[in-house]
1. For a footprinting-style exposure proxy, rank A:108, A:337 by other Cβ within 10 Å, fewest first.
2. Which whole number gives the average, over all residues in A:417-426, of C-beta atoms from other chains lying within 10 Å of the residue C-beta?
3. Of A:407, A:435, A:343, which is farthest along the charge dipole of chain A in the positive direction, counting Lys and Arg as +1 and Asp and Glu as -1 at C-beta?
4. What's the angle, to the nearest 10 degrees (0 to 90), between helix B:78-94's Cα axis and the longest principal axis of chain B?
5. In terms of modelled amide H atoms, which long-range or inter-chain residues lie less than 5 Å from the amide H of residue A:357?
6. If you restrict to DSSP beta bridges whose two residues both lie in the protein assembly as shown, what percentage is antiparallel, to the nearest 5?
7. So if I place +1 on the C-beta of Lys and Arg and -1 on the C-beta of Asp and Glu, and nothing else carries charge, what would the dipole magnitude of segment A:123-248 be about its Cα centre? I want it in debye, nearest 20.
8. For segment B:77-139, calculate the relative contact order in percent as a whole number, restricting contacts to Cα pairs under 8 Å that are 6 or more residues apart.
There are 2 protein chains.
Amino acid sequence: MTTPSLELRRSLPRNGRLAALIVLTTLLAGCGQRIEGESAVSPGPLDRVMAAAAADTYTYALLSELCDTVGERLAGSEGMKRAVAWSRAAMIEAGCDSVWTEPVTVPHWTRGREWARCLGPVAFDLEMCGLGLSVGTGPEGIEGEVLAVRDFEELEARADEAAGRIVLFDPPWEGYGKTVQYRVNGASRAAAHGAVACLIRSVTDHSLGAPHTGVMRYAEDVPRIPAAALTVEDAARLSSMCRRGMRPRVKLSMEAELHGETTCYNVIGDIRGTELPEEIVLVSGHLDSWDLGPNAHDDGAGCALALGSAALLLKHDMRPRRTIRIVHFTSEEFGGHGGRAYLEAHRHELDHHVLAIESDSGAFAPRGFSVQADSTVVAAIADLTAPLARLAPDRWQVEPGGSGVDIGPIVRAGVPGVGHRVEHELYFSYHHSRADSFDKIDRGDLALNVAAIAGLVLAVADDPVTLRPHAAPGGE
Amino acid sequence: MTTPSLELRRSLPRNGRLAALIVLTTLLAGCGQRIEGESAVSPGPLDRVMAAAAADTYTYALLSELCDTVGERLAGSEGMKRAVAWSRAAMIEAGCDSVWTEPVTVPHWTRGREWARCLGPVAFDLEMCGLGLSVGTGPEGIEGEVLAVRDFEELEARADEAAGRIVLFDPPWEGYGKTVQYRVNGASRAAAHGAVACLIRSVTDHSLGAPHTGVMRYAEDVPRIPAAALTVEDAARLSSMCRRGMRPRVKLSMEAELHGETTCYNVIGDIRGTELPEEIVLVSGHLDSWDLGPNAHDDGAGCALALGSAALLLKHDMRPRRTIRIVHFTSEEFGGHGGRAYLEAHRHELDHHVLAIESDSGAFAPRGFSVQADSTVVAAIADLTAPLARLAPDRWQVEPGGSGVDIGPIVRAGVPGVGHRVEHELYFSYHHSRADSFDKIDRGDLALNVAAIAGLVLAVADDPVTLRPHAAPGGE
């Protein structure tokens with residue numbers, strides 16, 4: 001019944017890795033000068049990028065500004081309007097040659113006030129957050145006895161106990177992909193057996209008392225019941241009370257409401273290429289976020305890295321031969337509306353997209369790239385970016401894999417995609433919770449990521465050979 | 001401005017240490033039989049204790065029951081009444097020969113509802129909790145611009161900016177003893193310069209989005225202003241906004257109220273000694289807790305360990321020569337009222353107290369004992385408990401140091417005191433927050449602590465020589 005206790009320890013001293021990078025790149029810059037001209041594919045440019053990133057403060061300041069002056073930015077909200085205005089202004093200030101927005105139809109969902117309480121036999125407040133796109137409870141709230149189950153299998157086995165009750169899914173963490181199924185589908189699975197509301201254990205591997213939200217979906221053929229996440233702690237407590245036969249009763253109150261649809265925007269900035277301006281290297285993050293905190297890692301970091309990396313190249317006179325397109329997508333969290341809208345709006349020019357890059361795994365220390373394309377492209381990217389392996393000695397990998405939710409539609413339509421890979425140990429501790437705040441950003445790790453992404457962008461956008469010239473887009 | 005990011009990693013596989021203990025003690029039990037009779041001070045008894053603890057489930061079940069069926073137990077609250085009833089019943093069921101309660105006058109403070117919000121220029125809810133014994137804000141709440149300072153020094157330097165404002169102390173973590181000063185004294189230091197309310201960064205070294213409460217105190221000569229803790233995240237965010245010149249305004253609403261005093265109880269159980277029943281080995285924890293969670297580590301664990309360790313000896317026919325007195329103190333959190341009341345009620349028999357033991361550092365892996373007594377007693381305890389060092393190879397220490405808040409009064413009056421020492425790396429991550437819940441208890445670590453405390457109790461209570469026979473109590 002107990003979950004493993006955590007052991008938290010401090011990582012490297014702050015900026016320890018940054019200091020290491022500065023030393024590394026200074027040495028490399030010296031080497032680069034000595035071996036200059038030795039080869040047409042000299043490591044020089046990526047060494048310059050790494051050296052510049054080590055001294056860069058722009059991306060860190062950009063992310064801090066986003067967290068402080070924009071904050072929460074749920075698609076369709078006032079915060080998202082602030083975010084779009086901020087993004088446009090930042091792209092212009094960074095030196096993009098053209099900056100524009102493209103409309104995206106997104107769900108208009110509001111959280112409203114919400115609370116939950118265990119009414120007895122021992123009464124205590126439950127720490128909770130409604131799940132994204134959940135219906136509310138109505139002003140009277142919903143009250144019921146808790147049926148705590150470990151998983152869908154136990155729910156099916158105890159289906160005749162579910163009617164009129166609040167079903168709590170308290171599954172162990174088995175990785176995000178598996179555990180998130182309870183968040184996404186739990187409500188409809190419980191409603192199918194007559195449950196009046198659904199609670200889940202927050203989808204996280206480590207908890208210190210805060211709940212984690214995220215999107216859920218309703219099946220077509222069952223009643224839509226409210227769904228909320230409890231903290232890991234409260235879920236475990238209610239489960240234990242149930243096993244003890246205490247029959248806890250819970251009251252849930254949520255003002256959550258889906259108001260239909262509204263218009264939101266992708267923000268796009270182009271830095272025109274010097275020789276092949278019609279060929280595009282797209283680099284992106286998603287600007288929308290959940291509404292419980294400033295969401296520094298998910299995905300403030302991706303937006304800051306996309307723009308900051310491009311800005312680094314401009315600032316250091318490394319404007320490449322091809323166009324760099326920075327995209328700040330919207331409505332990733334509600335289900336990828338921005339990415340699909342981009343595909344529709346740019347279907348006619350997909351064959352000009354040489355590469356699409358997305359950073360949406362946080363700003364932890366970089367570990368390489370995951371390439372969603374055929375093996376020749378994987379090999380080409382590995383080759384072009386080989387010097388970047390110094391950013392993560394012994395751990396750097398460029399390998400086939402997924403790219404990103406937002407670039408997914410154009411990647412499935414034939415554009416080679418790259419996902420930015422980082423150390424993921426802490427990601428789900430912060431993910432979709434109040435803990436995803438700017439104080440969790442390590443300045444040194446962020447600088448390493450600027451180096452990684454700027455290096456990738458430059459390598460591909462400056463390469464004499466186009467990765468995928470005029471390839472016919474496949475079906476989506 | 002950034003704080004170091006955390007690295008969380010799983011500790012040993014669950015019950016890994018317990019499995020190791022079982023192997024160890026099985027081997028030891030075999031050895032003990034072979035060398036039986038070799039020495040009068042044979043290691044046999046403590047090996048038996050360790051073997052029994054490895055197989056024990058009682059203490060774990062006891063702590064689970066406390067967390068589930070009692071829950072939050074603020075001194076003077078309904079929860080504390082449940083706790084006292086639970087403790088009495090548990091002591092009787094465990095086989096104590098006599099069980100009684102002793103009245104303690106404690107503050108009667110209630111939290112009520114509370115919330116805080118940053119009203120702008122970027123609006124967001126603040127995650128907060130009022131500090132223990134704080135006054136409330138009145139029904140209208142308190143609104144003001146935030147003055148964020150790093151420490152008392154910065155407050156003094158900017159004293160002329162404090163009037164009418166909400167002062168936020170956002171100090172870096174420099175260990176509990178130093179950092180807790182802002183929680184205890186921050187409000188009066190701010191009020192001295194005209195502040196209308198006080199916020200502090202939660203006193204913790206690691207945060208994932210939950211606030212940490214704890215007691216505060218008012219100075220006599222300044223207005224009593226409300227005081228609350230923000231999460232580390234929100235404190236950092238407001239500080240950053242202030243540094244950016246955004247001048248955030250905060251509204252604080254707290255129904256907190258001090259209703260004067262009320263009567264609460266220490267719960268005491270004696271297990272009569274076989275040969276020297278008038279000599280007492282006291283083993284204790286504090287039964288009261290903060291009100292944000294079940295407080296498994298602070299100090300549910302101490303109460304469970306005190307009773308569970310004594311019960312282990314009884315169950316395995318190891319009732320010692322001296323009396324074991326289990327004490328579940330009350331009102332440690334509000335300032336140690338239970339400990340002072342015990343001194344007053346037992347001043348006449350202090351010289352019968354051979355040793356006082358307190359466990360109030362959580363149920364993490366044991367690391368030895370801290371002895372508050374003269375050096376001969378330190379040496380005697382180290383000698384008597386030497387076999388227990390196997391519980392923490394290479395890390396076990398018995399050394400001079402503090403003992404515990406609750407036993408402090410009788411220790412200062414001359415009773416030798418022992419504090420139970422454990423790994424403290426995670427303690428302040430959970431401390432006084434919702435994260436201090438039963439799911440954070442490691443079954444294996446708890447069993448090791450049962451072995452440590454039961455071993456200490458048995459060694460001293462069965463020792464042919466009394467540690468401190470009829471010593472005259474000194475001044476308090």
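None of the figures in this text is laboratory data; all of them are computed from the coordinates on show. Just so you know, these numbers come straight off a predicted model, no measurement behind them. Ideal geometry is used to build each Cβ from the backbone, glycine not excepted, and the neighbour counts take in all protein chains shown.
1. With the fewest neighbours first, A:108, A:337 line up as A:108, A:337.
2. Whole-number average of other-chain Cβ neighbours for A:417-426 is 1.
3. Of the listed residues, the answer is A:435.
4. 10 degrees
5. Result for residue A:357 returns A:282, A:283, A:284, A:418.
6. In the protein assembly as shown, DSSP labels about 55 percent of beta bridges as antiparallel.
7. Details: 13 positive and 18 negative charges, 17 e Å.
For segment A:123-248, the charge dipole is close to 80 debye.
8. Over segment B:77-139, the number comes to 20 percent.
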